[in-house]
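Here is the structure we will look at, set down as structure tokens.
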Amino acid sequence: MKRGLVRKFWIGATLLIIVLTAFAAGRNLIHAFKIRSQIRVLEREKALYEEKIARDSALIEQLKQDDFLEQYAREHFHMQRKGEKVYIIK
């Protein structure tokens with residue numbers, strides 16, 4: 001009788017350990033998938049920002065030229081010289 005009780009205890013303990021291990025492993029897998037998806041999103045954002053940096057760097061190089069700087073200021077900031085009339089047509 002005692003032997004059967006001890007055997008049932010060890011079977012129950014083993015099953016409990018297996019269930020807890022499976023639960024912990026499942027949570028770790030879910031966490032890993034979430035982290036991978038976040039990494040993909042951040043890599044897309046990184047590529048977007050690198051592209052924006054390249055465009056802005058090219059604009060900065062162009063703005064170093066006086067002719068382009070004047071044209072840019074007139075178009076984007078509606079600047080004008082004294083005595084000059086500017087008509088904005090949209």
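The values are calculated or read from the model by the stated rules, or taken from the named source; none is laboratory data. Bear in mind the structure is a predicted one, so any value in this text is a computation, not a measurement. Please note: Cβ atoms are built from the backbone with ideal geometry, for glycine as well, and neighbour counts cover all protein chains shown.
Annotations for the structure displayed:
- Test: E45 is outside any helix (DSSP H, G or I) and among the acidic types (D, E): no
- Residues (closer than 30 Å to K85 by Cβ and basic (K, R)) located in the range 47-75: K64, R74
- Residues satisfying the stated conditions in the range 63-90, i.e. among the charged types (D, E, K, R) and outside any loop (DSSP other than H, G, I, E, B): D66, D67, E70, R74, E75
- Taking residues in the range 77-90 that are at pLDDT below 75, and partners anywhere that are of a type outside the set (F, W, Y), the pairs with Cβ atoms closer than 7 Å and at least 6 places apart or on different chains are V86/H78; V86/Q80; I88/H78.
- One residue from I60, I30, I17, I35 being at pLDDT 90 or above, within 22 Å of the chain's Cα centre (by Cα) and part of a helix (DSSP H, G or I): I35
- Taking first residues from the range 27-47 that are in contact (Cβ under 8 Å) with a residue 60 or more places away in the chain and partners that are of a type outside the set (D, E, K, R), no Cβ contact under 6 Å between residues at least 6 apart in sequence or on separate chains turns up.
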